[in-house]
Amino acid sequence: MSPDSPMSYENLLYAVEGGVARITVNRPDKMNALNFSTITELGSAFDAAKADESVRAVILTGSGEKAFVAGADITELLAQAGNAKGAADLAAFGQGVFRKLEHLGKPSIAMVNGFALGGGCELALSCTLRTASTNAKLGLPETSLGIIPGYGGSQRLARIAGPGVAREWILTGDMFPAEEAHRVGVINRLFAPEDLEEGTQKMLKSILAKGPLAVKFGMELVLRGWDMDQTSGEALETEYFGKAAETEDMREGMSAFVEKRRAAFQGK
């Protein structure tokens with residue numbers, strides 16, 4: 001299969017073009033809700049994007065105009081009522097798949113084109129960055145169902161937007177408009193619906209124009225630094241700064257700046 005050939009899934013659309021893997025949750029009749037099969041396929045798609053050397057970045061979105069991912073499959077969740085181990089196993093499985101996305105080693109952007117609720121919001125939080133249309137709505141409504149977020153949402157939201165925002169979103173179970181999600185830092189960039197695709201692509205193009213190793217190191221620093229104190233984080237930054245300084249990309253980037261030309265990075 002060539003790098004630009006589409007891969008076949010039942011609940012996803014997967015295609016690579018111009019070094020970008022586009023993964024689309026494709027269950028529009030179910031508001032792109034996440035069932036076990038879809039989460040399993042997402043894990044496979046994330047593995048494929050990581051292994052494919054031609055893929056430099058990922059865009060993750062939902063099909064149709066109403067939903068990014070409207071949540072988890074309630075029927076499957078209901079089947080776990082009264083079954084603590086089964087529910088915990090389901091959560092652990094989903095967390096493992098979402099962790100693959102978070103640790104992809106390549107920048108990923110969740111392009112939120114509608115409802116991103118529950119598991120859908122947690123999926124978006126697992127991406128490196130998030131863009132959204134102004135008509136999108138986000139939230140973690142699990143407490144309305146008598147449960148809590150299970151795919152890492154309580155942890156990632158607190159780290160991304162702070163514990164105060166995480167408490168408000170989780171405890172109220174409210175849906176929040178995209179403008180509010182942008183204000184608190186959950187959404188990085190906000191666009192009119194008709195501009196979402198172009199705006200997301202422009203943001204990604206800006207990232208891909210930078211040194212690939214520097215981008216990778218920057219992502220790793222932020223991700224690993226979450227669990228470190230300031231001094232340990234700065235020590236890690238020092239280590240990665242040294243790594244970056246011995247790359248060919250560093251020499252090329254500096255030379256291009258001095259010579260007033262565009263850098264031709266090679267990821268070396």
Fill in the blank from the handout: By accessible area (1.4 Å), largest first, Asp89, Asp52 order as Asp89, Asp52
Problem - For segment 128-170, average projected area of the Cα convex hull in nm² - result: 3.6
Exercise for the section: On the protein heavy atoms, probe 1.4 angstrom, tell me the percent of accessible surface of segment 3-107 carried by carbon and sulfur. Expected result: 55
Fill in the blank from the handout: Expressed in angstrom, Rg and Dmax over the Cα atoms of segment 119-268 are 18.7, 61
Completion exercise
Contact order relative to length for the chain, counting C-alpha pairs under 8 Å separated by 6 or more residues, stands in percent at 13
Practice task
With a 1.4 Å probe and all protein chains in place, put Phe46, Phe115 in order of accessible area, largest first.
Solution key: Phe115, Phe46
Exercise for the section: Leaving ligands, DNA and RNA out of it, report the carbon-plus-sulfur percent of the accessible area of segment 158-268 at a 1.4 Å probe. Expected result: 55
Problem - List Ile148, Ile39, ordered by accessible area with a 1.4 Å probe, largest first - result: Ile148, Ile39
Problem - Relative contact order (%) - segment 112-196, alpha-carbon pairs under 8 angstrom, separation at least six - result: 38
Practice task
With all distinct Cα pairs included, what does the Kirkwood hydrodynamic radius of segment 179-268 come out to in Å, to one decimal, could you say?
Solution key: 15.5
Completion exercise
If the chain between Glu239 and Lys216 were fully extended at 0.36 nm per residue, the gain over the current Cα-Cα distance would be 6.9 nm
Practice task
Taking the Cα centre of the chain as origin, work out the dipole magnitude from +1 charges on Lys and Arg Cβ and -1 charges on Asp and Glu Cβ, in debye rounded to 20.
Solution key: 380
Fill in the blank from the handout: Yeah, segment 52-146 with a ≥ b ≥ c from its alpha-carbon gyration tensor (a/c under 1.5 is rounded, else prolate when a/b outruns b/c, oblate otherwise) is oblate
Handout entry: Residue-averaged [θ]222 nm for the chain, counting only DSSP H segments that reach four residues, each worth -39500 (n - 2.57)
Key = -14500 deg cm²/dmol
Fill in the blank from the handout: Rounded to whole Å², per residue accessible area for segment 1-141 with a 1.4 Å probe reads 41
Exercise for the section: Please get the size of the charge dipole for segment 1-115, origin at its Cα centre, with Cβ charges of +1 on Lys and Arg and -1 on Asp and Glu, quoted in debye to the nearest 20. Expected result: 260
Handout entry: Charge tally in the Cβ shell below 11 Å around Phe176, where Lys, Arg are +1 and Asp, Glu are -1, Phe176 excluded
Key = -2
Completion exercise
Taking only the alpha carbons of the chain, the radius of gyration and the largest Cα-Cα distance, Dmax, both in angstrom, are 19.1, 67
Exercise for the section: At a temperature of 20 °C and a viscosity of 1.002 mPa s, determine how fast segment 113-187 diffuses translationally according to Stokes-Einstein, using the Kirkwood radius over alpha-carbon pairs as Rh; express D in µm²/s, rounded to the nearest whole number. Expected result: 182
Exercise for the section: Give the residues of segment 96-140 whose amide nitrogen is closer than 16 Å to a point set 7 Å from the Cα of Phe36 in the direction of its Cβ. Expected result: 96-97
Problem - Beta bridges per DSSP with both ends in the chain, % antiparallel, nearest 5 - result: 35
Problem - segment 154-259, relative contact order in percent, only Cα pairs under 8 angstrom and at least six apart counted - result: 16
Handout entry: Convex hull of segment 1-115 built on C-alpha atoms - directionally averaged projected area, nm²
Key = 7.2
Practice task
Under a cut-off of 21 Å between alpha-carbon atoms, report the lysines in cross-link reach of Lys50, not counting same-chain residues fewer than 8 places apart.
Solution key: Lys100, Lys106, Lys205, Lys210, Lys216, Lys268
Completion exercise
When the chain is treated as a Gaussian network with springs between alpha carbons less than 10 Å apart, the largest mean-square fluctuation among Glu102, Glu142, Glu237 is found at Glu237
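The values are calculated or read from the model by the stated rules, or taken from the named source; none is laboratory data. Since the model is a prediction, treat every value here as computed from it, not as a measurement. Ideal geometry is used to build each Cβ from the backbone, glycine not excepted, and the neighbour counts take in all protein chains shown. Calculation scope for accessible area: heavy atoms of the full protein, side chains included, ligands and nucleic acids excluded. Shrake-Rupley method; radii C 1.70, N 1.55, O 1.52, S 1.80 Å.
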